[in-house]
1. Looking at the range 102-145, which of its residues are in contact with a helix residue (DSSP H, G or I) (Cβ under 6 Å, 6 or more places away or on another chain), within 17 Å of residue 26 (Cα to Cα) and assigned to a loop (DSSP other than H, G, I, E, B)?
2. Out of the residues in the range 36-60 meeting the condition of being crowded, with 16+ Cβ neighbours inside 10 Å and modelled with pLDDT under 85, tell me which one is nearest to the chain's Cα centre (by Cα).
3. Residue under question is residue 64, and the condition is that it be at pLDDT below 85 and in contact with a helix residue (DSSP H, G or I) (Cβ under 9 Å, 6 or more places away or on another chain); does it hold?
4. With 72, 30 as the choices, which residue is touching a helix residue (DSSP H, G or I) at 6+ places or on another chain (Cβ under 7 Å), in a loop (DSSP other than H, G, I, E, B), modelled with pLDDT of 85 or more and farther than 21 Å from residue 123 by Cα?
């Protein structure tokens, strides 16, 4: 493939959390109702060109995981829902992120879209991993990175966090 599309296109709402290690974005190809396979392929090409090696999904269904693997990326699913307290699953997610980054993998974390819940989990990871000393600092850092406020739904995620690592 030649031309400007050869490198693919950046996923929607893509943001580096730790440059070259961990990023978050909307689901490659778009949310469930507007998902496009062609766009997914273009976004996966871009991720591959950016050296991503692992995709961690918060989306409950294993949609697109075969496509990720076809592009040489390992996958994991942590179906963290909006309406339940799931400290064991959150601990497994945070441990996976930490272990993957420690191994030198470049990780994309996604849900159907970059929601307040996802941002709350990212802030929670900063606290759990010891990279942020308090809820307020973690929330402020994530709001600055993603250039938006986190609503009460995202802030409530911090109330159900597991013990720090």
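The values are calculated or read from the model by the stated rules, or taken from the named source; none is laboratory data. Just so we're clear, the structure is a prediction, and the values are computed from it rather than from any experiment. As a convention, Cβ positions derive from the backbone with ideal geometry for all residues, glycine included, and neighbour counts pool all protein chains shown.
1. 112
2. So, considering only residues that are crowded, with 16+ Cβ neighbours inside 10 Å and modelled with pLDDT under 85, the one nearest to the chain's Cα centre (by Cα) is 59.
3. Numbers: at pLDDT below 85: yes; in contact with a helix residue (DSSP H, G or I) (Cβ under 9 Å, 6 or more places away or on another chain): yes.
Criteria met by residue 64.
4. Values: 30 fails: modelled with pLDDT of 85 or more.
Going through 72, 30 in turn, the sole match is 72.
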